[in-house]
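So the structure is just underneath, and the comments pick up after that.
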Number of protein chains: 2
Amino acid sequence: MSDPPFDRSLLADSSLSEDQRIDALLNCLTLDEKVGQMMHHAPAIERLGIPAYNWWNEALHGVARAGVATVFPQAIALAASFDTALLDRVAKAIGMEGLAKHRDFVRHGDRGLFKGLTFWSPNVNVFRDPRWGRGHETFGECPFLTGCMGLAYCTGLQGDDVDHPRVAATPKHFAAHSGPEACRHGFNAEVSIKDLRETYLPAFRRCIIEGRAMSIMGAYNRLNGEHCCAHPWLLGQVLRDEWHFDGYVVSDCGAIDDICGDHQLADTPAQAAADAVDAGCDLNCGETYEHLIEAVEQGYLSEADIERSVRRLLRARLRLGLLGIDRSTDRRPDINCVDSEEHQSLALEAGRRSIVLLKNDGVLPLPQPIRTIGVIGPNAADTAVLCGNYHGTPSDPISVLRGIRETASSQTRVLYSEGCDIIGRNASDQFPPHNLIAEAVGIAERSDVVIAVVGLNATIEGEQGDATNADAGGDRKDLRLPGLQPELLEAVYATGKPLVVIVLSGSATDLRWADRHAGALIQAFYPGQAGGKAVAEVLLGKTNPAGRLPVTFPRSVDDLPPFGSYAMQGRTYRYCDAEPLYPFGFGLSFTQFTYADLSVSNKHLPIGRQLEVRATVTNVGQRSGDEVAQLYLSMEASFPTPRYDLRGFKRLQISAGQSCEVTFMLSPRDLSVVDQQGRRFVQPGRVRLAVGGGQPDPRSQQLLGAACLQTMVELHGEPVRLDP
Amino acid sequence: MSDPPFDRSLLADSSLSEDQRIDALLNCLTLDEKVGQMMHHAPAIERLGIPAYNWWNEALHGVARAGVATVFPQAIALAASFDTALLDRVAKAIGMEGLAKHRDFVRHGDRGLFKGLTFWSPNVNVFRDPRWGRGHETFGECPFLTGCMGLAYCTGLQGDDVDHPRVAATPKHFAAHSGPEACRHGFNAEVSIKDLRETYLPAFRRCIIEGRAMSIMGAYNRLNGEHCCAHPWLLGQVLRDEWHFDGYVVSDCGAIDDICGDHQLADTPAQAAADAVDAGCDLNCGETYEHLIEAVEQGYLSEADIERSVRRLLRARLRLGLLGIDRSTDRRPDINCVDSEEHQSLALEAGRRSIVLLKNDGVLPLPQPIRTIGVIGPNAADTAVLCGNYHGTPSDPISVLRGIRETASSQTRVLYSEGCDIIGRNASDQFPPHNLIAEAVGIAERSDVVIAVVGLNATIEGEQGDATNADAGGDRKDLRLPGLQPELLEAVYATGKPLVVIVLSGSATDLRWADRHAGALIQAFYPGQAGGKAVAEVLLGKTNPAGRLPVTFPRSVDDLPPFGSYAMQGRTYRYCDAEPLYPFGFGLSFTQFTYADLSVSNKHLPIGRQLEVRATVTNVGQRSGDEVAQLYLSMEASFPTPRYDLRGFKRLQISAGQSCEVTFMLSPRDLSVVDQQGRRFVQPGRVRLAVGGGQPDPRSQQLLGAACLQTMVELHGEPVRLDP
């Protein structure tokens, strides 16, 4: 067979349309070559000058697994900032570093794993249950917050020029994916159409429609019996027909193999591969698509089906400059943007903005100067914990211990004890759990205040196969602080010294003891490379915290439905009536805010019109600080609706004694409800609106731990059906 | 059975002798109680007010495994200082921290593992083969250096009051223990009596006789067929009869079980335990001695045999204040000595003194100010590598990367890439080895100088069961830098930028490439908590290095005898003729020294007299610096003797342009030789003496890479037999 004619300069020929250029290349490829391009480590086609490309790269909160990169706070922490402008800046920085690193790698001949431009982030799965090990990769439990954050991530990462994205974003895992990890390769998520349309799909929809994400990743699990990577309804009707997605779909890694493996939905790899391509999964992270050649030979698929996917993949590579033709936009950014001072500062700022103050009886900020600070706990000196999972290498990570040492006055002595190890295991089976509680108590006695840094890390909550928490495959069985941490806290508390508890974890832990006994309690998540400095600044009053919980902290795992159930009833702030320990949206400040003058543009709103909501927020305390104003709706309907649903939030910076007016604009979609058949309506009836610094308490109708104003709006007119 | 009468105040009754007090207590104990005291976690005897005691503690280079403690450089690094005064100060600091921590633990009710006063250090095994995984715990390959360092460690740790030691030192592993790790529980070391007396035993002898070590640990292996923990010759004749040891012998952990396990030297645990006690092993780290009750019942042992051991153990506890009666000497030190500024400074000083400069073509010290330093390599940012094994928790460890960043001028930009991971494995089997060579090359291109920090760590060279280097059970199969490190070095070298290679490892690696290509090469071992700062100071000329290799760096593993062979022929600088890459005793300075005026007190020395050796050392360079003056002997005999044997060393601090006289005093024992029957003599004949900054080269009769003077002394008179 002689080589088909191909002129590489065609790829850069601006007189041709994108499709013409792609087809010119596609027409030159053999079936083998086409299929080769559909797996994540696509080989070079040397006779055509097409370089190899490895599609797999990660950038959840910084360019990951490819050496030094700025490590921003973990996704769950970024969500706690309730700050989409911050997300946008963070994602832009990630995109710039990703592009700069890719170009530097290619310049040095490295086109390997984790060196490309197609980033398999963000994770916009709803964090439906705190036991899920990968919840810290998400933006929390609220579809609205997740959608806002996911959108800001996608647009920030890809850049402003939608036709020439800087790099590619890939929302994942599509859809209804949130554990259990241990059985993820064979699990069937049974989800009602209402829960899908109301809870599991909206964030994906925003990333695709508004965020113009170039790609999307199919999940490992089945959704109502069909595999997410071979799901005609999900990948066809929803993604392509309703959302008009024109990018490519990639499978989770090894997921195609699972179709004929644990899921037993196909008899052979060829059939599994054919089912996936047929449904619309264009790229296989894995090797199973090598069987597509058999699949064509056996008549499961036509070569045209193959070409449909390859065309999408080549379009992405053309747009990203990955076909051996540089894009003009690629001249910048320079490699020096990676880990630059500007990005280091942004990581610190993001760390500061992510910290949630859960309790403060006045012990914080610490008085200055303070003579001796005792820093104890298994997360105090650790730097790996700052990074969560899916992270790059920070060039100079700052642990909480180091942050305190460097931020405190030079007159302050800082004492340290690990106290115990994080999970109650030692390096060797020969030894009992590492017990340094006596050391920690001794340090507490010699200190003026004790900072206990406890929690989890990414070896305890994580991904099937990665986390060492083998008894639950990466998930947790309960919310208890693991190992000897509860005993450690009780022992240092018994010294009578003021106790500040700092929790580094990506999800809710059982903080009932700390809520009762600690003088102050901080949830700092996995706060990124400068997280220890950010925490220290809060302790010492150099930063006024304003993060808010993006997840409910339940009192107990007993308040949760069975982990394997995907029904929303009883889950998250939207559908759970049990009183939480700390509610979604909660977080304190060193100052106080009041709300006044709640007004709406129209108390009797015609269906189809926008609604403007205004309120005045005043900092009535003595310090400048940020307030996260939140707007929740509660809808009347003949079918179940969320107790409350976040529909707006704004992070406001307000000086002491100053006021600020906050405005929310609600679209008809914001005012819509989803019925049991998954249909989305705006319908006549009453809407309760609550505006304040947190979520309304259904019992008291007051905001939990925060000021709150409420009002009622009446929608009237004929019901209007919206896209679901 | 009614309780025997016992008045606890007897234990503190100064009108009674130590033996009387011990016997008063011993006479109250039942056989069960006696046997209970012979295992490492000795239970309390509550009816007598005797507290529980866990004998197992570690302090190889700082109090280990018990929380925060000053982490000094690893033992092999301390040996490289060639500085016994430093060892003495380090060991004193360790002993003080150990005592202070123990008292603090006890005050808080913790008498658990690693909280006691009986430290199972130093490791004075001869590092006979660089492949041994635990070699970095030792003071190197030279019996004389090992003896000097071990002695300084024991006396420093235990303190000046030999009757009331601060804590207990435990030289280990007695004797002839140096791998292979994988089969250590069943290995038989076959060692000639000459090699034992000349090489394997002398350091133990000094620790016991001169150092008054309170205890000694028996090894896992057999020695010439008998288990080291049940070895009548070793524990009886040598230790008790020849060396007059009056302390206690402890088994390595699980070693008694091995006697009837892998070694198959006893049929039952009772027999194994009886054999060990009978031979003189008083304390079992492990549980096997619970069978001693059966052993007595079955007639293997008498209760008097049991009492002999218990008496030794109670004597140690009485002297250490571990019987519930405080010692007056225990009022000090205060807990604040732990991790004190003084000890932190000492750790830094020890780090500085341990660093060995192997090559310098003039690139060091780095010119100041320097614009950009590229720091690359898997050991650059790591802090665990600073600690080697058997270590405590440093409160603020300084990696090489951090050390450079903090020591360099604020105008200097420091760039970093890991380059590759240390062993060429990734966290998951799913991924290929972490390859960041392209990133490192990019950084090299943007830098004015490249500092490559490579080597090993304690997961690669370590102990059976601990090190993850499973293919050789903790040992190494060859000396190659593992993983992609060689490729990394070659790639950054190819950029043409000046390259400084820093090796963090506890043993020799194959440095032939670096010797040829690097501008400078530094062996920094595992340099302790402040090691990164010490290395940075050398790079930037703030510290002038003067460490010396305590082991030979061979050119290749092909120059070594089979690993399992304990014959010294062909091993170490004393018995190997192959030209090394870097010899024992070698190390460069930023200045130069010359030697002159070598003189001896008597060129024709009567046997039995001391010999004084003098020389003048002059710093002829432009900087102040330390010189390690070394004295080697080569003896004529009718049987094989070492090529050269170190018999003196002095670390001298000499200002630029200044001179210093160095004196060595050689005793008859220093001038003795050991024949094939293991007999030690001083005999008539010629002795060649070499004094200089390193080891003499047998080919050129010049010191390798160092100034050297030589002379000859004639011993005359009748041969004199010495204790072996």
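The values are calculated or read from the model by the stated rules, or taken from the named source; none is laboratory data. Note that the structure is predicted; figures quoted are calculated from it, not measured. Note that each Cβ is placed from the backbone with ideal geometry, even for glycine, and that neighbours are counted across all protein chains shown. Only protein heavy atoms, including side chains, enter the accessible area calculation; ligands, DNA and RNA are left aside. Shrake-Rupley method; radii C 1.70, N 1.55, O 1.52, S 1.80 Å.
What the table shows:
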{"read-out": "Whichever residue in the stretch A:439-468 is away from chain B (no Cβ under 14 Å) and among the charged types (D, E, K, R) and, among such residues, is least open to solvent (accessible area, probe 1.4 Å)", "value": "A:E461"}
{"read-out": "Qualifying strands (runs of 3 or more DSSP E) (wholly inside the stretch B:572-652; at least 1 residues being open to solvent by less than 10 Å² (accessible area, probe 1.4 Å) and under 30 Å from B:W513 (Cα atoms))", "value": "B:625-635"}
{"read-out": "Among the residues listed as A:C154, A:C148, the single one being away from chain B (no Cβ under 14 Å), touching a Phe, Trp or Tyr at 6+ places or on another chain (Cβ under 8 Å) and either open to solvent by less than 10 Å² (accessible area, probe 1.4 Å) or closer than 30 Å to A:F553 by Cβ (or both)", "value": "A:C148"}
{"read-out": "Yes/no for B:I209 being open to solvent by 20 Å² or more (accessible area, probe 1.4 Å), of a type in the set (A, V, I, L, M, F, W, C) and within 22 Å of the chain's Cα centre (by Cα)", "value": "yes"}
{"read-out": "Neighbours by Cβ (under 6 Å, 6+ apart or cross-chain): first from the stretch B:568-585, more than 11 Å from B:C142 (Cα to Cα); second of a type in the set (D, E, K, R) and modelled with pLDDT under 95", "value": "B:A578/B:D559; B:L581/B:R555"}
{"read-out": "Test: B:D471 is modelled with pLDDT under 95 and open to solvent by 10 Å² or more (accessible area, probe 1.4 Å)", "value": "yes"}
{"read-out": "Hits in the stretch A:340-364 (condition: in contact with a Leu (Cβ under 8 Å, 6 or more places away or on another chain) and either within 14 Å of chain B (Cβ to nearest Cβ) or of a type outside the set (A, V, I, L, M) (or both))", "value": "A:E349, A:R353, A:S354, A:K359, A:N360"}
{"read-out": "Residue match in the stretch A:48-55 (condition: farther than 24 Å from A:L145 by Cβ, under 16 Å from the mean Cα position of the chain (by Cα) and in a loop (DSSP other than H, G, I, E, B))", "value": "no"}
{"read-out": "Options B:D396, B:D382; residue that is open to solvent by 40 Å² or more (accessible area, probe 1.4 Å), in contact (Cβ under 8 Å) with a residue 12 or more places away in the chain, at the interface with chain A (Cβ under 10 Å from one of its Cβ atoms) and of a type outside the set (S, T, Y)", "value": "B:D396"}
{"read-out": "Qualifying residue in the stretch B:484-494 (condition: open to solvent by less than 10 Å² (accessible area, probe 1.4 Å), β-branched (V, I, T) and not in a helix (DSSP H, G or I))", "value": "no"}
{"read-out": "Long-range neighbours under 7 Å by Cβ, at least six apart or interchain, first residue under 13 Å from B:Q683 (Cα atoms) within the stretch B:659-670, second open to solvent by less than 70 Å² (accessible area, probe 1.4 Å) and assigned to a helix (DSSP H, G or I)", "value": "none"}
{"read-out": "All positions within the stretch A:524-553 that are surrounded by fewer than 24 Cβ atoms within 10 Å (Cβ to Cβ) and either aliphatic (A, V, I, L, M) or not in a helix (DSSP H, G or I) (or both)", "value": "A:L540, A:G541, A:K542, A:N544"}
{"read-out": "Any chance A:S599 is modelled with pLDDT of 95 or more and touching an Asp or Glu at 6+ places or on another chain (Cβ under 7 Å)", "value": "no"}
{"read-out": "Total residues in the stretch B:258-309, condition among the small types (G, A, S) and farther than 24 Å from B:F245 by Cβ", "value": "4"}
{"read-out": "From A:G374, A:G362, A:G351, residue being part of a loop (DSSP other than H, G, I, E, B) and either on the phi > 0 side of the Ramachandran plot or buried (at least 21 other Cβ atoms within 10 Å of the Cβ) (or both)", "value": "A:G362"}
{"read-out": "Condition check for A:D88: open to solvent by 10 Å² or more (accessible area, probe 1.4 Å), away from chain B (no Cβ under 14 Å), closer than 22 Å to A:E342 by Cβ and modelled with pLDDT under 95", "value": "no"}
{"read-out": "B:S417, sole failed condition from (1) within 11 Å of chain A (Cβ to nearest Cβ); (2) in contact with a Lys or Arg (Cβ under 9 Å, 6 or more places away or on another chain); (3) open to solvent by less than 30 Å² (accessible area, probe 1.4 Å); (4) under 21 Å from A:R65 (Cα atoms)", "value": "(2)"}
{"read-out": "Test: residue in the stretch B:61-71 that is over 19 Å from B:I335 (Cβ atoms) and either buried (at least 17 other Cβ atoms within 10 Å of the Cβ) or more than 14 Å from chain A (Cβ to nearest Cβ) (or both)", "value": "yes"}
{"read-out": "Any hit, the stretch B:72-85, residues being at pLDDT 95 or above, open to solvent by 10 Å² or more (accessible area, probe 1.4 Å) and not polar (S, T, N, Q)", "value": "yes"}
{"read-out": "Residue count, the stretch B:399-414 (criterion: surrounded by 24 or more Cβ atoms within 10 Å (Cβ to Cβ) and facing another protein chain (nearest Cβ under 8 Å))", "value": "1"}
{"read-out": "Criterion: at pLDDT below 95 and more than 10 Å from every other protein chain (Cβ to nearest Cβ) - qualifying residue of A:P486, A:P433, A:P498", "value": "A:P433"}
{"read-out": "Top-ranked residue in the stretch A:104-144 [being among the aliphatic types (A, V, I, L, M) and open to solvent by 10 Å² or more (accessible area, probe 1.4 Å); ranked as nearest to A:D559 (Cα to Cα)]", "value": "A:L113"}
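One line per residue, one yes/no per condition, for (1) within 12 Å of chain B (Cβ to nearest Cβ); (2) of a type in the set (G, A, S); (3) over 17 Å from the mean Cα position of the chain (by Cα); (4) part of a loop (DSSP other than H, G, I, E, B):
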{"site": "A:P73", "(1), (2), (3), (4)": "no, no, no, yes"}
{"site": "A:A77", "(1), (2), (3), (4)": "no, yes, no, no"}
{"site": "A:A93", "(1), (2), (3), (4)": "no, yes, no, no"}
{"site": "A:A100", "(1), (2), (3), (4)": "yes, yes, yes, no"}
{"site": "A:V106", "(1), (2), (3), (4)": "yes, no, yes, no"}
{"site": "A:G112", "(1), (2), (3), (4)": "yes, yes, yes, yes"}
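One line per residue, one yes/no per condition, for (1) surrounded by 23 or more Cβ atoms within 10 Å (Cβ to Cβ); (2) among the small types (G, A, S):
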residue	(1), (2)
B:P269	no, no
B:V277	yes, no
B:A295	yes, yes
B:Q298	no, no
B:R308	no, no
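A quick yes/no check of all residues on (1) in contact with a strand residue (DSSP E or B) (Cβ under 8 Å, 6 or more places away or on another chain); (2) modelled with pLDDT under 95; (3) under 20 Å from B:L234 (Cα atoms):
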residue: B:D278; (1), (2), (3): no, no, yes
residue: B:C285; (1), (2), (3): yes, no, yes
residue: B:G299; (1), (2), (3): no, no, no
residue: B:E303; (1), (2), (3): no, no, no
residue: B:S309; (1), (2), (3): yes, no, yes
